[in-house]
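A.B. asks: Here you go, one structure.
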Amino acid sequence: MAVLPALADALSPFDGRTPPALTVVARHLRDAGLFSVGNRGRGAAHVTAEDVAALLLASLWTDGPTASPRAVEVLATLKRRPAVEDKTLPRCLGLVIRLPNFGETVAALIEFAWIIRDEIPGLRLELTVHRPCPTASLALVDSLDRRRVIAEWQVDADRLTKGFYLPESRQRADRRHSTTITSETLFALGNLILRKSEVEA
């Protein structure tokens, strides 16, 4: 299992920021109670799937380290949009996308990446988030680049009525952004948290 510097190294090519810059993001997340790892160097603790997911969500949403905690809070609490169960999906992937919120799903995609990778040979995943109105989707893409959206997430109705999304709703609705990450990075991040016994199996 990896420590924070290894996570920052792995995420840097996707994010575009240097590993030290991502370590600063992780520190802001830790201070907000959204990241468990604090120590660096010889005494550094191992990152969890939830830690990896938090840093990934921050990377998908914002370039500013101080805005990262808000980004994780917004994205992690998105609720899965009700949909008819797709019985054609592989078992593990089908179970993962039925988790109640986006944060749990992303953490599970990373934790069980080694299983999902073997379930979808010849296919890739595309995980996309949209802003300023926060939504997300997960698609399966075949070798001909045909996309099939298999899950979508939307704002939590209870949080919406309580004004949780007011900062996002005040942003210009005609200026929209989407960021996508593929299974290549998801699986690479998943490899970081594999236990030694799982790697050798």
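A.B. asks: Can you name the residue in segment 188-201 that is within 15 Å of Ile116 (Cα to Cα) and part of a loop (DSSP other than H, G, I, E, B) and is also modelled with the lowest pLDDT among such residues?
C.D. replies: Leu194
A.B. asks: Only one of Asp31, Asp63 is modelled with pLDDT of 90 or more and either under 15 Å from the mean Cα position of the chain (by Cα) or not aliphatic (A, V, I, L, M) (or both); which?
C.D. replies: Criteria check complete, one pass: Asp31.
A.B. asks: Applying the selection to segment 78-110, what residues are modelled with pLDDT under 95 and over 18 Å from Arg148 (Cα atoms)?
C.D. replies: Pro100
A.B. asks: Just for segment 135-180: of the residues that are out of contact with any strand residue (DSSP E or B) (no Cβ under 6 Å at 6 or more places or on another chain), touching a residue at least 12 places away in the same chain (Cβ under 8 Å) and among the acidic types (Asp, Glu), which one is nearest to Leu123 (Cα to Cα)?
C.D. replies: Asp142
A.B. asks: Of Phe14, Phe35, which residue is of a type outside the set (A, V, I, L, M) and assigned to a loop (DSSP other than H, G, I, E, B)?
C.D. replies: Within the list Phe14, Phe35, the selection yields Phe35.
A.B. asks: Can you pull out the residues in segment 134-187 that are in a helix (DSSP H, G or I) and in contact with a helix residue (DSSP H, G or I) (Cβ under 6 Å, 6 or more places away or on another chain)?
C.D. replies: Thr185, Leu186, Phe187
A.B. asks: Looking at Ala26, Ala6, Ala108, Ala58, which is the one that is open to solvent by less than 30 Å² (accessible area, probe 1.4 Å) and more than 29 Å from Ala157 (Cβ to Cβ)?
C.D. replies: Ala26
A.B. asks: Being open to solvent by less than 30 Å² (accessible area, probe 1.4 Å), without any contact (Cβ under 8 Å) to a residue 60 or more places away in the chain and more than 13 Å from Leu140 (Cβ to Cβ) is the filter here, so list the residues in segment 76-100 that pass it.
C.D. replies: Those that are open to solvent by less than 30 Å² (accessible area, probe 1.4 Å), without any contact (Cβ under 8 Å) to a residue 60 or more places away in the chain and more than 13 Å from Leu140 (Cβ to Cβ): Ala76, Cys92.
A.B. asks: OK, next. Being under 17 Å from Leu95 (Cβ atoms) and acidic (Asp, Glu) is the filter here, so list the residues in segment 117-151 that pass it.
C.D. replies: The answer is Asp118, Glu119.
The values are calculated or read from the model by the stated rules, or taken from the named source; none is laboratory data. Computed from a predicted structure; not experimentally measured. Note that we place each Cβ from the backbone using ideal geometry, even for glycine, and neighbour counts take in every protein chain shown. All accessible areas refer to the heavy atoms of the entire protein, side chains included, with ligands and DNA or RNA removed. Shrake-Rupley method; radii C 1.70, N 1.55, O 1.52, S 1.80 Å.
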